[in-house]
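As structure tokens, the structure follows; a few thoughts come after it.
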Amino acid sequence: MKRPLQYLLASINLAAAVAYPALDEKHSLYARLLGLSCGLIYWKISPNIFATIAKLNSRRTDLIREVKRLNSEIEILPRKLEELARSKQQELDDRESSIIAREKQLQEQIDAANQALSKQQQELQSSIEAANSELEQDKHKFLEETEEAIARYQSRIELLESEIDDLRSLLAQYEAPALPEGSSFEIILVRRCMELLLNKRVVCEFKGVAIDPDGYVVARLKPQDGGQKAIEKWANYLHIEMELAEAPKFATLRGAVQIWLKPQEMVRLPAVAPFDEPPTNPSSNPPNLRIVRSESLNNFGENPTPEPISTEPNKQFDERLMKFVEPSAKLPPFGAIRQIERDWIGYLYCFHEPPIRNQKALILRVWGYKSGDSSGYRSARTRLHIILTDAGIEIKRKANQ
């Protein structure tokens, strides 16, 4: 509130000073009195301007004195800086000389330590060589003694194994089951199955066999030692050795292990409908053997004996291989070439999606050998060439196709 009043009084004073020369005598006197009154009122309510001026003069004097002092200091400042620089340089020189001396001392200590370490390394190396030489001698001596002991025990093991095999053969003669007799296809097939299991020392008692409408030979066997697991673990072995179209299925039903076998020959029987999918869940009840046999005989005609099957292997890649089921185990690439090897190669070469034509891929898929596996791979490659040649396929020996 005070500052706007000061501005108003100052404005009136200035206006009166400007306007009074242009007015008449009476009004000019009024204007002068008004301006003078406003000036006095402004001076009365304003701070003491003279005190302010005195303060400013005192401040000016102090500033002049401070400037003089600073000028005097500026004059002597280069000399002080020069002295300070000399002292700092001297300090740096002293520190540098002390560091150089310390480095020399440390270098001498390092050289002495390196010499001592080199000497210790030489001593350690000589001790290591002596220990290695002694260890090598002990190793040779131990290996010689071990080889002699192994040779003795190996000969003893061979003798014991021969005795065990002799005893096993005698035991097998006593425990050998009565194999089913007959010349029908299913009897021959189950007899072959029992012989293969007997080779693996799985003695089974024959309980019956039949052919079901889906084209499976259903055999019922009772293991003398163990149950279904004793036979089931040889599923891949039976699949390969019996050249089945698919791996056999097992189920324990009514006091016997029931086995579903799908031979390659049964796939080509005209009276049995071709199978589309392997039985994932075999029937929980065993078939009535008499009913299944009578139905099978009715399907085949009045003659109870199936038509004789040619023993000549089928070397062509025909459409029957479209339903081929790959075994879960690899085949051994030795001995005579089996029909399952031909069928597997034909299925992969012609009917697999996509067809596999690369020879290395075929060998790895069927026999499980990679390139560089020496004799096994070479034998598998020879068998593959024979199979493809018998099927009338030209072999590109220099291109893996």
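Cross-link partners of K207 among aspartates and glutamates, defined as those whose alpha carbon lies under 14 angstrom from its own and excluding same-chain residues fewer than eight positions apart: E181, E186. By a straight-distance test (C-alpha under 20 Å), which lysines pair with K88 as possible cross-link partners, with residues fewer than eight away in the same chain excluded? Excluding near neighbours in sequence, the set is K80.
For S58, the accessible area of its heavy atoms, probed at 1.4 Å with every protein chain present, is near 60 square angstrom. Rolling a 1.4 angstrom probe over region 27-170 with all protein chains present gives an accessible area of which 59% lies on carbon and sulfur atoms. Straight-line cross-link reach from K141 at under 20 Å between alpha-carbon atoms covers these aspartates and glutamates, not counting any fewer than eight positions away in the same chain: E129. Per-residue SASA remark: D138, around 90 Å² accessible (1.4 Å probe; ligands, DNA and RNA not included).
Order D318, D94 by their accessible area, 1.4 angstrom probe, all chains in place, largest first. Don't skip to the end; give the middle numbers.
Values: D318 50, D94 80 Å².
My answer, sorted largest first, is D94, D318.
Within the shell defined by Cβ-Cβ distances under 14 Å, the residues around H239 carry a net charge of 0, with Lys and Arg each +1 and Asp and Glu each -1. Accessible-area rank, largest first, for Y42, Y153, Y349, Y369: Y153, Y42, Y369, Y349, with all protein chains present and a 1.4 angstrom probe. In the full protein context, region 108-230 carries 71 Å² of accessible surface per residue, based on a 1.4 Å probe and ignoring ligands, DNA and RNA.
The values are calculated or read from the model by the stated rules, or taken from the named source; none is laboratory data. Predicted model only: the values in this text are computed from it and were never measured. Ideal geometry is used to build each Cβ from the backbone, glycine not excepted, and the neighbour counts take in all protein chains shown. Remember, those area values only see protein heavy atoms, side chains included, never the ligands or the DNA or RNA. Shrake-Rupley method; radii C 1.70, N 1.55, O 1.52, S 1.80 Å.
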